[in-house]
1. For Glu130 paired with Phe51, estimate the spin-label separation in nm (one decimal), with each label point 7 Å from Cα along the Cα-to-Cβ line.
2. Provide the FRET efficiency to the nearest 0.05 for the Thr17-Arg105 pair, computing r from the beta carbons and using R0 = 45 Å.
3. Want the number for Ala185 to Val33: 0.36 nm per residue separation, take away the alpha-carbon distance, what's left?
4. What is the extension gain from Leu143 to Val43, computed as 0.36 nm multiplied by their sequence separation minus the C-alpha to C-alpha distance, in nm to one decimal?
5. Cα axis of helix 11-76 to longest principal axis of the chain: angle in degrees, 0 to 90, nearest 10?
6. Using the beta-carbon distance between Val193 and Gln122 and R0 = 41 Å, what value does 1/(1 + (r/R0)^6) give for FRET efficiency, to the nearest 0.05?
7. How charged is the neighbourhood of Ala185? Take every other residue with its Cβ under 15 Å from the Cβ of Ala185, and add Lys/Arg as +1 and Asp/Glu as -1.
8. With a cut-off of 8 Å between alpha carbons and a minimum separation of six or more residues, what is the relative contact order of the chain in percent?
Amino acid sequence: GRCVTKPSPPQNSLRHTVLAVLIPLAAIVALGVGTEVWMARTVHEDLVRLFGELRAVELAQAVVDELHGVEAWVEALPEATQSSHPFVRNDVRQHFEEAYTTITRFSHSPNSSLASYGTDVQRLIARLSESLAALGTELEQPLPLEHIREQLQAAIYKAQTVATAVTDESREIGNGLDERSNNMARILLVLGVASLTAVAG
């Protein structure tokens, strides 16, 4: 009898088909993973900046609160001097020193440095520091609290301006963080669809 030889399966054709699927799939996965890693690093940097800005917002608001403490005494006892109301003047001095010390933390905080702020915010902080220094000079004089009213109002205004500016910066960072997080989710979705499409093809 004759020996019939069965045809061998088309291994080359199958190999080419598998490679045609795996190569685009590997390229898609590599591109997606690389993009996700890059975006994850960006999100991490934004989180660090956001925590620093939130700390800065807290410090700026603390300065405003301390200056309002001084303002409360100026409004209640404008005639107070060190000799007539030593307790009042000592409390005023304490509020002022807390405000002045807090301002220095903008440049010494481990989570937020002055160099990381925008130029406008740096300028506002510098002006506030100058205003507080002038207020401190006024407090050294043996005059009634009424004497510091004008300088105090200027310092409060500048402190509120700093607080608003830093809050706006933190809000911008938060918005950018939300956008990048959404982009990461979209990329993962596109990566999944592209992978399924490659396998299906």
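All of the numbers you see were taken from the coordinates with simple rules; none came from a lab. Everything numeric in this text was worked out from a predicted model, so none of it was measured. Virtual Cβ from ideal backbone geometry, glycine too; neighbours counted across all protein chains shown.
1. Simple spin-label model gives 3.5 nm for this pair.
2. In this case the efficiency is close to 0.10.
3. 53.5 nm
4. Gain in length upon complete extension: 30.7 nm.
5. Roughly 10 degrees between the two axes.
6. The calculated FRET efficiency here is 0.35.
7. -1
8. Computed value for the chain: 35 percent relative contact order.
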